[in-house]
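Computed from the coordinates by the stated procedures, all read-outs in this text should not be read as laboratory data. Since the model is a prediction, treat every value here as computed from it, not as a measurement. A quick note on method: Cβ atoms are made from the backbone with ideal geometry, for glycine too, and the neighbour counts reach across all protein chains shown.
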Amino acid sequence: MSRRIAYFFSVVSPWSFLGHTRFMELAATHGATVDFHPVELGPVFAETGGLPLAKRAPQRQRMRLVELQRWRLKLGLDFHIQPQHWPFDGSQVDRTVLAAIKAGHPVDDLIRRLFSGVWQRQENLADPAVVVDILDELGLPGALLLEQADTEEVRAAYLANRETALAADVFGAPSYVLDGEVFWGQDRLDLLADALASGRPPFSA
């Protein structure tokens, strides 16, 4: 029986971007099913004691930039640490991913392309026309999905993802939840791989 991993992420999260491809490869290697949960991070931070980037202490902001440079080198991944059109409100883009999920479309390629749009291509994903073009490029019904992203149904599902995240003890992105055990951050992927390989019962506090 396939094990399931709940995957909490946002397109605006550089750490989600850094982990996405490796996580999907890891899940495929272990035959795990991924449940995608795009989630609005601001309210999650607010509920769990986190701070938005602009309100963090200068030391933490500087360390974040250093860490991004370290991981860019380690992964050999070319990306902009401070892309031109970031930060932006990523809720509409996240909801577009959710709309694609609800419509039954595979979303791995879409998520990869959106991440690349923000962090590598420096596209303005706050512009709905840019998002539609990306969806169309992938053979998805861009205008329709963007319209569905603003429906009450999808908005409610996006809010439900936040509640699901909080109920699971998720407080940041990316988070990977296996059998109720939270693996927070792309730098925990090795630990997630170990848990999948061993089949051990989940740890809890």
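Applied to segment 136-150, the Karplus parametrisation 6.51 cos²θ - 1.76 cosθ + 1.60 on θ = phi - 60° returns per-residue 3J(HN,Hα) values of 4, 4, 8, x, 9, x, x, 4, 5, 5, 5, 5, 5, 4, 9 Hz, with x for Gly and Pro.
In order along segment 130-135, phi translates into HN-Hα couplings of 5, 5, 4, 4, 5, 4 Hz, rounded to whole numbers, per the Karplus curve 6.51 cos²θ - 1.76 cosθ + 1.60 with θ = phi - 60° and x for Gly and Pro. Secondary-structure-derived ellipticity at 222 nm for the chain, considering helices only, amounts to -16500 deg cm²/dmol, per-run term -39500 (n - 2.57) for DSSP H runs with n ≥ 4. Each of VAL11, LEU191, TRP119 was placed along the dipole of the chain (beta-carbon charges, centred on the mean Cα), and the one lying farthest toward the positive end is LEU191.
Computed packing ranks the peptides 182-188, 44-50, 72-78 as 182-188, 44-50, 72-78, most packed first, by mean other Cβ atoms within 10 Å.
Each peptide among 144-150, 109-115 gets the average number of other Cβ atoms lying within 10 Å of its residues, and from highest to lowest they stand as 109-115, 144-150. 3J(HN,Hα) along segment 119-125: 8, 10, 8, 6, 7, 8, 6 Hz, from the Karplus curve 6.51 cos²θ - 1.76 cosθ + 1.60 with θ = phi - 60°, whole Hz, x for Gly and Pro. Normalised by the number of residues in segment 53-205, the mean separation of alpha-carbon contacts (under 8 Å, six or more apart) gives a relative contact order of 16 percent. Report note on the peptides 14-22, 123-131: ranked by the mean count of other C-beta atoms within 10 Å, highest first, their order is 14-22, 123-131.
Its Cα gyration tensor gives segment 4-198 an equivalent ellipsoid; the semi-axes, largest first and in whole Å, are 23, 21, 18.
For segment 31-112, the equivalent ellipsoid derived from the alpha-carbon gyration tensor has semi-axes of 26, 19, 13 Å in decreasing order.
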